[in-house]
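The values are calculated or read from the model by the stated rules, or taken from the named source; none is laboratory data. On a predicted model such as this, the values are computed, not experimentally measured, just so you know. Cβ placement follows ideal geometry from the backbone for every residue including glycine, while neighbour counts extend to all protein chains displayed. The protein model used for the area step is the full one, side chains on, heavy atoms only, and it has no ligands, DNA or RNA in it. Shrake-Rupley method; radii C 1.70, N 1.55, O 1.52, S 1.80 Å.
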Amino acid sequence: MSLRTRRNDGERNATQLFREIQQQGYPGGELAVQRYLRRFRTGRGHAPHPGPKPPTVRQVTSWIMTHPDHLDPRDAAKLRD
């Protein structure tokens, strides 16, 4: 039985899978099996996409200290959010 089949059947332990194929005559090492199985992982090792950068303290202070009539509309919107 292939590694892919065993993995699809639910076996996720690389050491166990290595032992199984080693008994079938696999001459390679466990690290090679781990590397092979790593490609099938999904959603791991990737950082989430960062959101928008928050405003600096200086920017917020400037928005607060500026008279609303003189505040840029985009900055006013950011201040409301």
Hits for the chain under the membrane-span-like helix rule (DSSP H, Cα axial span at least 27 Å, Kyte-Doolittle mean at least 0.0) are none
At a 1.4 Å probe radius, carbon and sulfur cover how many percent of the accessible area of the chain?
-> 51
Using R₀ = 25 Å, calculate the FRET efficiency as 1/(1 + (r/R₀)^6) where r is the Cβ-Cβ separation of residue 9 and residue 31; round to 0.05.
-> 0.65
Length-normalised contact order for the chain - Cα pairs under 8 Å, 6+ apart - percent | 18
